[in-house]
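The values are calculated or read from the model by the stated rules, or taken from the named source; none is laboratory data. Quick caveat, the model's predicted, so the values are computed rather than measured. Neighbour counts run over all protein chains shown; Cβ positions are idealised from the backbone, glycine included. Accessible surface areas use protein heavy atoms only, side chains included; no ligands, DNA or RNA. Shrake-Rupley method; radii C 1.70, N 1.55, O 1.52, S 1.80 Å.
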Amino acid sequence: MRTEISAPVRLEEYRSPSFEIDTVHLDIRLAPRATRVSARLSVRRAANTPASEPLVLDGDELTLVSLALDGQVLATDRYRATPSRLEIDALPDGPFQLDIETRLDPDANTKLMGLYRSNGTYCTQCEAEGFRRITYFLDRPDCLSVYTTRIEARASEAPLLLGNGNPVEHGAVPGTDRHYAIWHDPHPKPSYLFALVAGDLACVSDRFTTAEGKDVALNIYVEHGNEAHCAWAMDSLKRSMRWDEEVFGRCYDLDVFNIVAVSDFNMGAMENKGLNIFNDKYVLADPDTATDQDYAGIEAVIAHEYFHNWTGNRITCRDWFQLCLKEGLTVFRDQEFSADMRSRSVKRISDVRLLKSHQFPEDAGPLAHPVRPRLYHEINNFYTATVYEKGAEVVRMLKTVLGAEDFRRGMDLFFDRHDGEATTVEAFLACFAEASGRDLDQFALWYEQAGTPTLRIDSDYDASEKRLTLTIRQQTPPTPKQADKPALHVPLRIGLVDATGADLPYTSVTGAETTGDVVHITAPVQKVVFHDVAEQPVASLLRGFSAPVTLKSDLDDTDLLFLAANDADAFNRWEALQTVIFKALIEQTSAGPRQQRLAIDPRLIAAIEATMADDALEPAFRALCLQLPGEADIAREIGSNVDPEAIHLARAQMRAGLASALGPVVKRVYGDMKDTAPYSPDAASAGRRALKNVLLDYLGHAQGGGNDATVRHHFDVADNMTDRLAALTVLVHARLPGYKEALDAFAQRHAGTPLAMDKWFMVQATAPGDETLASVQALTRHPGFSPANPNRVRALIGAFASGNQSQFNRADGAGFDFIADFALELDTRNPQAAARLLSAFRSWRALEPVRRARAKTTLEGMAQAADLSPDVRDIVDRCLQ
Ligand code: B3K
Ligand code: ZN
C-alpha cells in the first residue's frame with residue numbers, strides 16, 4: 001500500500017502571517033528523555049486579520065503539557081492540539097500572551113531535527129522546520145521575533161549552556177544539582193535560526209575587534225581532546241570577519257560568536273544567530289587526519305556560515321521558495337572569499353567542476369527545478385546544488401552584467417533597505433535594477449527556468465572586411481513541468497586570440513550590447529559582429545565560465561589545443577583542454593570493448609605533457625588540467641544511453657595510455673613536487689601536493705605496472721593525510737600488491753578517529769570491480785560504521801551510490817537494490833539522510849536500456865512501500881514522474 005502524498009506548498013499561495021509574535025521567552029529544562037519547554041509568546045493579530053480567525057501554530061511530533069492565555073489556563077474546548085498543530089479560537093483583539101508547555105524526548109530524536117543529543121551533547125537543528133519539534137509556533141521564516149532563552153540542565157551533565165545572542169545571566173538552581181543560563185538575542189529572527197547547545201565540551205577562545213570597534217569574543221566548542229584541532233577553523237573565522245568588512249562593508253553585531261562542533265549532523269553546518277552549529281568534519285583539522293581538501297572545506301564553510309549573519313540572518317527569506325536568496329548569495333560570497341584567500345583561477349575552475357558534476361546532472365534529470373522553485377512537497381529536499389551552486393552562479397552573473405561597482409551599490413542598497421526583514425528574490429533584484437538603472441526583467445528568468453541552457457556558437461571570419469561574426473543560438477531543454485522557455489539574458493565573456501596568444505583589439509561590436517569584454521546575449525538567435533579584427537582569431541568563448549550554460553562551438557581540436565596553451569584566461573585554458581579530453585574519452589567509450597583501444601591523438605598527448613611540465617603554471621592549476629574528468633562527468637557529457645562500465649574502461653584506458661606515453665615526464669615532475677618542508681595547509685603547498693598526487697595516480701595505473709614500489713613508498717612515508725589518502729586510493733583502486741596491508745595499516749593508525757576512518761570507508765566504497773558491492777555490504781557491519789551517523793552513511797553508502805558509477809549502476813541491478821534497501825531502513829530513523837541518499841537515482845533515465853529498466857523496477861518497488869517519509873516519497877515520486 002502506497003503512503004498518501006500530502007498537498008504541495010505553492011509560491012502563489014503565499015499569505016503573510018495572520019498573527020505576529022513580537023517576543024519569545026523560552027524556559028527549557030533539559031533532561032535526556034523528558035525535556036520541558038515553556039514558551040511564553042507575545043502575540044498580536046496582524047492588521048486585517050479578522051477577529052474570528054483562530055491562531056494556528058505548527059507542531060511536529062509534539063506533546064502538549066499545558067496551555068494558558070494571558071495567565072489563565074485554557075479550557076480544552078478553546079483549542080485543538082495534535083502532535084502537528086495547535087489551533088486556538090476566540091482570542092482577544094488586542095495583544096495577548098500565550099504560555100505553552102511541551103515535553104520532548106531528545107534521546108529518541110533520531111531525525112536530528114529539533115532538539116536531540118549527539119554524543120551526549122544537547123543540540124538543535126531548526127532549519128527548515130525543526131523549531132516546531134520544540135514548541136508550537138508560527139514556524140515560518142517571515143515571523144520575526146526577539147528571543148530570550150533560559151536553559152537549565154544538571155550541572156554535571158551539561159556544564160556548558162549556550163543560546164543565541166548575548167549571555168545575560170547564569171547561576172545555580174538552589175536546592176538542586178541543576179544550573180541555568182539566560183541568553184538574549186536583540187536581533188529579531190525567524191524560528192529556524194533558534195539554537196541551543198548544552199553539554200560538557202572544551203573551548204578554544206580568541207577575540208576580534210570589528211571595524212566599528214566592537215570587541216567580540218570568539219569561541220569554538222569541541223569534544224574534550226580536540227582542542228588542538230581548532231586552530232585552522234579559528235583562523236578561518238577571523239579572516240572571514242575581516243573580509244566581510246573589507247569587501248562587503250559588513251561588521252559583526254553581537255558580543256560573542258560561538259561555534260559548536262557536533263558529530264551527528266545532517267549537513268555541513270548551520271548559521272544560527274551567534275551560535276553556529278557545525279558538523280565536526282567542518283571544524284576539526286590536523287595534518288594527520290585532514291586532507292588539503294578538508295582544510296579548504298573548513299575555510300569555506302566557516303566563512304559561509306559567518307557570512308549568513310548578514311545574508312540570511314539580518315536579511316532573511318520571506319518563505320522557503322526564496323531559499324536561494326540566502327543560499328545562492330552566501331555561496332557566491334564564500335566562493336569570492338576563498339578566491340581571495342587562494343588562487344582565483346584555481347578556485348573558479350574547482351567551483352565550475354563542482355557545478356558541472358553536481359548541478360548539471362540534477363538540472364538534466366527528473367529532479368530538475370528552478371533556482372527558485374514554485375512548488376514543493378518537502379522543503380528539505382530543496383537544499384540542492386541548484387539552489388546553492390546555480391544560485392551562486394546567478395549572483396555571479398548579476399555582477400558580470402552590472403559590473404563590480406554597480407553590483408556593490410546594489411548590495412549596499414539591499415543591506416540598507418531590507419535589514420531586519422524577511423524578503424524576496426524580486427526585492428533583491430529591484431535593488432540592483434535601481435542601483436544600476438538596468439532592466440533586469442529578462443535576467444530574472446534565471447530564477448524561474450530550470451534546465452541548463454545550451455549555447456551553440458558558430459564563427460565566421462571575413463578577411464576582406466576584417467569582421468568576425470558569431471552566430472549564437474540559445475536553447476533551454478524542457479524540464480519537469482516546464483516545456484517551452486523564453487531566451488535568457490546570458491552574459492558571454494569573450495576574447496579574440498591572435499596567433500601569438502595575445503588578445504586582438506576590435507573597434508566595435510554590432511548585434512548585441514557589450515560592456516567591456518561581456519557580450520549580452522538576449523535573443524534565441526543572435527548574430528554578433530566584431531569589427532576591425534586584424535586577423536582571423538580563435539574565439540575564447542565564455543571566459544571564466546561567465547554563465548552556467550553548456551557551450552557548443554565550432555572550435556576544432558586544433559583551436560582548442562591552441563587555447564589550452566595560449567589563452568590569457570586561465571579558466572578557458574583548462575576548459576579547452578578538458579573539451580578535447582572529453583571528446584577523446586567519449587570516442588573511446590563508444591569504441592566498444594577493451595581490445596579496441598583507440599590511439600590517443602599525439603597532439604593531445606603533447607598538450608598534456610606541455611601543461612604537466614610547464615613550471616610557469618601554478619601546480620594547483622596543472623593538477624586540475626591533468627585530472628581526467630570523472631566517470632559521472634563523462635556520463636553527463638554523453639547524456640543518453642549511458643553505459644557506466646564502458647565509461648569506466650575508457651577512462652582507465654586513457655589514463656593508462658597517457659601514463660605510458662608520458663612516463664618519464666610524469667616521474668620527473670612527480671619528483672619535483674616532493675616537499676621536504678613540514679606540512680602546511682596553505683594554497684601553494686596544497687597545490688604542489690595536488691599535482692604530485694594526480695601524477696601518482698597516473699604512475700599507479702600505468703600500463704604494465706612497474707611503479708608499485710613508488711606508490712607504496714608514498715604511502716609509507718606520508719606525514720600527512722593528503723598524501724597518505726592519495727596513495728591508499730591508488731593502491732586500493734589499482735589493486736596494487738600490498739593494498740590490503742595498506743588498508744590495515746591505515747585502519748590501525750586511525751581507528752580512534754571517525755573522521756579519518758570515513759576516508760577509509762570511502763576509498764573502499766569507490767573502488768572499481770564487481771566485488772565492491774559485497775565489500776561495502778560487509779563494511780556496514782564494521783564496528784566503526786553506524787547507520788545512525790550521517791557522516792558514516794555518506795562515507796560508505798553515499799560514496800558507493802554517488803561516487804562509484806560503474807558499481808552503483810551494475811547491470812544486474814544489485815547496486816540499485818542495495819541502496820534502496822538501505823535507504824528504506826534509514827528512512828525509519830532519519831528521513832532527510834535517506835532522501836539525500838536516494839538522489840543518486842537522479843540520472844537513471846539517461847542509462848542504457850538494461851540498467852534503466854533495473855533502476856525503474858527498484859524505484860517502482862520503493863514507490864509501493866508503505867510508510868515512506870514525505871522526504872523519501874517526494875524523491876521517489878519525482879524520479880518516476
Ligand atoms: N542553512 C543551512 C542548511 C540547512 C539545511 C536544512 N535541511 C546550512 C547552510 O547552508 O549554511
Ligand atoms: Zn548556507
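The conditions are (1) open to solvent by 10 Å² or more (accessible area, probe 1.4 Å); (2) away from ligand 2 (no atom under 16 Å from the Cβ); (3) part of a loop (DSSP other than H, G, I, E, B), and residue 235 fails exactly one of them. Which is it?
So the condition that residue 235 fails would be (3).
So which of 667, 674 ends up being in a loop (DSSP other than H, G, I, E, B), basic (Lys, Arg) and surrounded by fewer than 22 Cβ atoms within 10 Å (Cβ to Cβ)?
674
State all residues of the stretch 86-114 that are open to solvent by 50 Å² or more (accessible area, probe 1.4 Å), out of contact with any Pro (no Cβ under 6 Å at 6 or more places or on another chain) and outside any loop (DSSP other than H, G, I, E, B); if no residue qualifies, say none.
Once the filter is applied, which keeps residues that are open to solvent by 50 Å² or more (accessible area, probe 1.4 Å), out of contact with any Pro (no Cβ under 6 Å at 6 or more places or on another chain) and outside any loop (DSSP other than H, G, I, E, B), the stretch 86-114 yields 97, 103, 108.
Out of 295, 306, I need the residue that is within 15 Å of ligand 1 (Cβ to nearest atom) and of a type in the set (Phe, Trp, Tyr). Which one?
Going through 295, 306 in turn, just one is within 15 Å of ligand 1 (Cβ to nearest atom) and of a type in the set (Phe, Trp, Tyr): 306.
Could you list, in sequence order, the residues of the stretch 820-850 that are more than 30 Å from residue 279 (Cα to Cα) and open to solvent by less than 20 Å² (accessible area, probe 1.4 Å)?
Answer for the stretch 820-850, where residues must be more than 30 Å from residue 279 (Cα to Cα) and open to solvent by less than 20 Å² (accessible area, probe 1.4 Å): 844, 847.
Test residue 185 against the criterion of being part of a strand (DSSP E or B), more than 24 Å from the chain's Cα centre (by Cα) and either over 26 Å from residue 108 (Cα atoms) or charged (D, E, K, R) (or both), and give yes or no.
yes
Given the residues 547, 534, 523, 539, which is the only one that is of a type outside the set (Val, Ile, Thr) and either in contact with a Ser or Thr (Cβ under 7 Å, 6 or more places away or on another chain) or outside any loop (DSSP other than H, G, I, E, B) (or both)?
From the options 547, 534, 523, 539, the qualifying one is 539.
Can you pull out every residue in the stretch 378-407 that is over 22 Å from the mean Cα position of the chain (by Cα) and either without any contact (Cβ under 8 Å) to a residue 60 or more places away in the chain or closer than 29 Å to residue 872 by Cβ (or both)?
402, 404, 405, 406, 407
Pick from 565, 576, 534: which is open to solvent by less than 50 Å² (accessible area, probe 1.4 Å) and of a type in the set (A, V, I, L, M)?
When all the criteria are applied, what remains is 576.
Would you point out which residue out of 817, 812 is in the same structural domain as residue 777 (by TED's automatic domain parsing), open to solvent by 10 Å² or more (accessible area, probe 1.4 Å) and under 20 Å from residue 640 (Cα atoms)?
812
Report the residue count in the stretch 278-308 for those that are in contact with a Phe, Trp or Tyr (Cβ under 7 Å, 6 or more places away or on another chain), open to solvent by 10 Å² or more (accessible area, probe 1.4 Å) and of a type in the set (Val, Ile, Thr).
Of the residues in the stretch 278-308, 1 are in contact with a Phe, Trp or Tyr (Cβ under 7 Å, 6 or more places away or on another chain), open to solvent by 10 Å² or more (accessible area, probe 1.4 Å) and of a type in the set (Val, Ile, Thr).
For residue 340, state whether it is more than 16 Å from ligand 1 (Cβ to nearest atom), not β-branched (Val, Ile, Thr) and not assigned by TED's automatic domain parsing to the domain that holds residue 146.
yes
Okay, residues lined up against (1) under 29 Å from residue 841 (Cα atoms); (2) surrounded by fewer than 24 Cβ atoms within 10 Å (Cβ to Cβ):
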position: 310; (1), (2): no, no
position: 344; (1), (2): no, yes
position: 355; (1), (2): yes, yes
position: 397; (1), (2): no, yes
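Would you check if there is a residue in the stretch 363-374 being within 15 Å of ligand 1 (Cβ to nearest atom), under 30 Å from residue 640 (Cβ atoms), among the aliphatic types (A, V, I, L, M) and not in a helix (DSSP H, G or I)?
Taking every residue of the stretch 363-374 in turn, at least one turns out to be within 15 Å of ligand 1 (Cβ to nearest atom), under 30 Å from residue 640 (Cβ atoms), among the aliphatic types (A, V, I, L, M) and not in a helix (DSSP H, G or I).
Does residue 439 qualify as being at pLDDT 95 or above and either touching a strand residue (DSSP E or B) at 6+ places or on another chain (Cβ under 9 Å) or outside the structural domain of residue 564 (by TED's automatic domain parsing) (or both)?
Yes.
For residue 330, indicate whether it is within 16 Å of ligand 2 (Cβ to nearest atom), buried (at least 24 other Cβ atoms within 10 Å of the Cβ) and in a helix (DSSP H, G or I).
Spelling it out, residue 330 is indeed within 16 Å of ligand 2 (Cβ to nearest atom), buried (at least 24 other Cβ atoms within 10 Å of the Cβ) and in a helix (DSSP H, G or I).
Hey, residue 476 hits all of (1) under 35 Å from the mean Cα position of the chain (by Cα); (2) surrounded by fewer than 18 Cβ atoms within 10 Å (Cβ to Cβ); (3) free of Cβ contacts under 8 Å to residues at least 40 places away in the same chain but one; which does it fall short on?
For residue 476, the exception is condition (2).
Quick check on residue 180: is it in contact (Cβ under 8 Å) with a residue 24 or more places away in the chain, open to solvent by 30 Å² or more (accessible area, probe 1.4 Å) and out of contact with any Gly (no Cβ under 6 Å at 6 or more places or on another chain)?
Yes; evaluated as a whole, the condition is true for this residue.
May I ask you to say which residue of 277, 315, 259 is among the aliphatic types (A, V, I, L, M) and within 10 Å of ligand 1 (Cβ to nearest atom)?
When all the criteria are applied, what remains is 277.
Among the residues of the stretch 712-749, what is the count of those that are closer than 19 Å to residue 656 by Cα and among the polar types (S, T, N, Q)?
Matching residues across the stretch 712-749 total 1.
Being outside any helix (DSSP H, G or I) and free of Cβ contacts under 8 Å to residues at least 60 places away in the same chain is the filter; apply it to the stretch 417-439 and report the residue that is surrounded by the fewest Cβ atoms within 10 Å (Cβ to Cβ).
437
Given the conditions (1) out of contact with any Asp or Glu (no Cβ under 7 Å at 6 or more places or on another chain); (2) open to solvent by 40 Å² or more (accessible area, probe 1.4 Å); (3) closer than 30 Å to residue 639 by Cα; (4) of a type outside the set (Phe, Trp, Tyr), and given that residue 459 satisfies all but one, which numbered condition is not satisfied?
(1)
In the set 254, 275, which member is open to solvent by less than 10 Å² (accessible area, probe 1.4 Å) and either assigned by TED's automatic domain parsing to the domain that holds residue 165 or more than 22 Å from the chain's Cα centre (by Cα) (or both)?
Exactly one of 254, 275 is open to solvent by less than 10 Å² (accessible area, probe 1.4 Å) and either assigned by TED's automatic domain parsing to the domain that holds residue 165 or more than 22 Å from the chain's Cα centre (by Cα) (or both), namely 254.
Give me the pairs, please: first residue somewhere in the stretch 626-648 and farther than 18 Å from residue 356 by Cβ, second residue anywhere and of a type in the set (D, E, K, R) and buried (at least 23 other Cβ atoms within 10 Å of the Cβ), beta-carbon distance under 6 Å, and either six or more positions apart or on two chains.
That search, which allows pairs on different chains as well, returns 648/631.
List, please: which pairs have Cβ atoms under 8 Å, are six or more places apart or on different chains, and start with a residue in the stretch 304-317 that is over 16 Å from residue 417 (Cβ atoms) and end with one that is within 11 Å of ligand 2 (Cβ to nearest atom) and among the hydrophobic types (A, V, I, L, M, F, W, C)?
304/269; 304/331; 305/269; 305/270
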